[in-house]
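Each remark here refers to the structure printed beneath this line.
Any read-out appearing in this document is the output of simple, stated calculations on the displayed coordinates, not a laboratory observation. Please read these numbers as outputs of a predicted model, since none were measured by experiment. Cβ: placed from backbone, ideal geometry, glycine included. Neighbour counts: every protein chain shown.
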Amino acid sequence: MSAVSEGYVAVSARSEKRLKFQTIFGDVVYNYDISSDGKASIFPLQSGGGSYRFRVMENTSDSRYTEVYAVGCSVELRDEFQPFLRPNDYVPYKEDSACVKKAKALAETADDARGFIAAVYDFVSANVAYDREKAETVQPGYLPDPDETLLTGKGICLDRAALAAAMLRSQGVPTKLVFGYVLPDESYHAWNRCYTQQTGWVTVSFERKKDAQDSLFRLFAADGIDDPFISDDSNYAELYSY
């Protein structure tokens, strides 16, 4: 808990059984799978400042778990953006990651934050195709690898959103990785929300045309903003953010 003011908590545990980690903030509960071999995981404190409870849960049988460790913590963030400026298990990257190096190059030629966001989405759109086969076979608990997505040039919506989030966060743009449903067909989806001083939080998303396997189309114009990929928030029902 040494970095909770920076918007994240880390956990490491060992067991011969499956483990889960919970972050609890009032009625908001996030459940995560964690490694049983002591590998550290990092998760965001996306509910903001306040009183949290953290629990490590060990599998007993089937889908049943019992608490093996718990601790409470009062969190005071440096600012509201901290959880969305750091790497975590859903948006992993390091200073020497390939996606960070590419983001830095794009940032150096952008006029401002909005220009940089547009450059990132142009780049990911042009270089990462939708992976239909992966979408049909991906397993629960899957975590994205932005550098792998960059290398292979393909991925599902989670992969593209995680890559965009890693690139933007690494250059100081607060960015959420969001899971939820998109209307009108209520399809499960992953997308981003980005923040700039000029726009506040806005939804940005990649979408795949139903009549073309690998093409992407852009969603425009929310609240009068005329940037590429900006979407109407009313079409998006958020369940989780990371």
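Assorted remarks:
- Distribution of pairwise C-alpha distances over the range 4-79, 5 Å bins, in %: 3, 16, 28, 23, 16, 9, 4, 1, 0
- When only alpha carbons of the chain are considered, Rg and Dmax amount to 18.2, 56 Å.
- Computed from Cα atoms, the angle from the helix 113-127 axis to the main principal axis of the chain rounds to 90 degrees.
- Extension gain, A126 to E6: 0.36 nm times the residue separation minus the Cα-Cα distance gives 39.9 nm.
- Given K102/K154; K20/K101; K20/K94; K101/K154; K39/K94, the pairs whose alpha carbons are separated by over 22 Å: K20/K101; K20/K94
- Convex hull of alpha carbon positions in the range 71-215: directionally averaged projected area 10.5 nm².
- 3J(HN,Hα) couplings calculated from phi for the range 45-53 with the Karplus curve 6.51 cos²θ - 1.76 cosθ + 1.60 (θ = phi - 60°) are, in sequence order, 9, 6, 7, x, x, x, 8, 10, 10 Hz; Gly and Pro show x.
- Relative contact order of the chain, taken over Cα pairs closer than 8 Å and 6 or more residues apart, is 15 percent.
- Bins of 5 Å, starting at 0 and running to the largest distance - Cα pair percent for the range 138-210: 3, 15, 24, 24, 19, 10, 4, 0
- Between the Cα long axis of helix 157-170 and the first principal axis of the chain there is an angle of about 90°, rounded to the nearest 10.
- For the range 114-210, trypsin sites (Lys or Arg not before Pro) meeting the loop criterion (DSSP other than H, G, I, E, B) and having at most 11 other Cβ atoms within 10 Å: K209, K210.
- Evaluated at q = 0.17, 0.19 Å⁻¹: base-10 log I(q)/I(0), Debye formula over Cα of the range 1-143: -1.09, -1.19
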